[in-house]
Amino acid sequence: MTIVARLSHPADFDGWRTLARRLAAAAVAPDAVEWRVGDDPGGLFDGEALPEAAGERGLVVPRGFLELGRLVVLHSDPQRFGLLYRLLLRLQGERALLQVATDPDIRRAEMLAKAVRRDLHKMTAFVRFRLVRDAEDGEAFIAWFEPEHHILEAVAPFFVRRFAGMRWSILTPRGSLVWDGGSLRIGEAARRTQAPGGDAMEDWWRTYYAAIFNPARLNPAAMRAEMPVKYWRNLPEAELIAPLIAEASRRTDAMIAAPASRPERRPALPREALRPLPAQVDEPGDLREAAAAARDCRRCGLWCDATQTVFGEGPPDAPLMIVGEQPGDREDLAGRPFVGPAGELFDLSMARVGLDRRRAYLTNAVKHFRFTLRGKRRIHQKPGAGEIDACRSWLTLELGLVRPRLVLALGGTALRALSGETAPLSGFRGRRLALADGTPLVATVHPSYLLRLPDEAARQRETERFLADLGLVHALLPAMRLQAAA
Ligand code: URA
């Protein structure tokens, strides 16, 4: 006798749970159940009706089983429901079964769960939205993706959180996610040809990818593991991978052969004793006055070795204030924030997520370059708590003058300067936070962190997370968005 257990959709965990309880209460053996989804007629015969829920007995399962089951159900393996049902029954007598990693059923379930986790991760990393104009001539974004498993509903909250303020659709052969800026709909399955082919942003993205590619740290195996080839056709940057790899060893040889660059000559500075600012300075009335006042700042010792104060810059009414750590070597010489490699990477990242960097006010937690000399090279050193505290009044002044609608902290030093928070940044990044006065705050890593990562795979992964964090700024602050090309 075969009993047909019918689920409403391929990822119907709640449906499976209800049916599995009823089947277990009626002591139906796993081999006697045929699991089907939706209207799928399944085998040649329709089997017996499911027993009524007569006297369901309480089933006890360890906590981890439900978690495991929720993932396993998302797998595309047609045997998954039967496997879970078998495990459910076995767990009634074998309480420690989940810990028996060598058990074939457990091994299989763990393998399915792992594949689903990987698919979820890949979808969050490799969806590439294309900007389109929709029927109301507004901005909308469409992406094409081919998940291996039934993960659409499970992954949807990630995209809703990250891109809450945009209208977007993700089309897949298993269904579509459609977000209209307020509610989510799971729509029809789609075909690749329904998705747009490319947009103006892709040139930015390719430039960006080429800029973060470090030939000296090339590890093609790790790259392929992190970015499997099957995803390449949806990734605008994929066409660059082969030429970049082919060029890598020549570029590395050239880097090794190049003579060490000489630091530019900086104006000599008098090594005076530290002297405090005059007790009373007139409160600057605008950013120009503030920058002028900061020029002579002696509130900590960094001014002695730095070339100059690097004050913030940008529109005085910028909706977004971006706070970095401190000027680097290039900024110290130029007297302007974010003009070096980290700044270039940051510009490209902003453009990549559709944010207009020119409309932001950029500044740093600490306004002088802290470094140590190694030979002729000035090596960046993180500013200390004393320097952050000493410089905070300038940052507070900038915040008061610009009155941004949102602040973006790049890195732990910026977060600390803005909020006093000393716990690791990882606990705060990518979420909507607020300053003490209620101004919305988003925190993410500093772009120089991405430049320092030792291998290409880690850099790809972290870059995606960084872009997703910037995506939150895009969602929260429509005023900062790049205008789409007409
Ligand atoms: N890093 C920063 O935090 N700020 C700059 O201006 C440059 C690099």
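Couple of notes before you dig in:
- For segment 364-394, the set of residues classified as of a type in the set (Asp, Glu) and within 13 Å of Cys297 (Cα to Cα) consists of Glu387 only.
- Test result for Ala318, within 13 Å of the ligand (Cβ to nearest atom), small (Gly, Ala, Ser) and either touching an Asp or Glu at 6+ places or on another chain (Cβ under 8 Å) or within 19 Å of Val442 (Cα to Cα) (or both): no
- Just one residue in the set Ala468, Ala443 is within 22 Å of Glu325 (Cβ to Cβ), within 16 Å of the chain's Cα centre (by Cα) and away from the ligand (no atom under 16 Å from the Cβ); that residue is Ala468.
- Lone unmet requirement of (1) within 16 Å of the ligand (Cβ to nearest atom); (2) under 22 Å from Ala417 (Cα atoms); (3) without any contact (Cβ under 8 Å) to a residue 60 or more places away in the chain for Ala334: (2)
- Counting only strands (runs of 3 or more DSSP E) that sit wholly inside segment 360-433, those with at least 2 residues that are open to solvent by less than 20 Å² (accessible area, probe 1.4 Å) and not small (Gly, Ala, Ser) are 360-364, 406-410.
- Among the residues making up segment 452-465, those that are more than 16 Å from the chain's Cα centre (by Cα) and open to solvent by 40 Å² or more (accessible area, probe 1.4 Å) are Arg452, Pro454, Asp455.
- Set side by side, the residues Arg374, Arg378, Arg405, Arg431 differ, and just one is away from the ligand (no atom under 12 Å from the Cβ), modelled with pLDDT under 95 and within 16 Å of Leu470 (Cα to Cα), which is Arg431.
- From the options Ala443, Ala457, residue that is out of contact with any Pro (no Cβ under 6 Å at 6 or more places or on another chain) and under 19 Å from Arg128 (Cα atoms): Ala457
- Residue within segment 29-42 that is over 26 Å from Glu153 (Cβ atoms), surrounded by 14 or more Cβ atoms within 10 Å (Cβ to Cβ) and modelled with pLDDT under 90 present: no
- If only residues of segment 298-315 that are within 13 Å of Trp394 (Cα to Cα) and surrounded by 22 or more Cβ atoms within 10 Å (Cβ to Cβ) are counted, the one that is nearest to the ligand (Cβ to nearest atom) is Val310.
The values are calculated or read from the model by the stated rules, or taken from the named source; none is laboratory data. Nothing here was measured: the structure is a model prediction, and the numbers come from that model. Cβ sites come from the backbone with ideal geometry, for glycine too, and all protein chains shown count toward neighbours. Remember, those area values only see protein heavy atoms, side chains included, never the ligands or the DNA or RNA. Shrake-Rupley method; radii C 1.70, N 1.55, O 1.52, S 1.80 Å.
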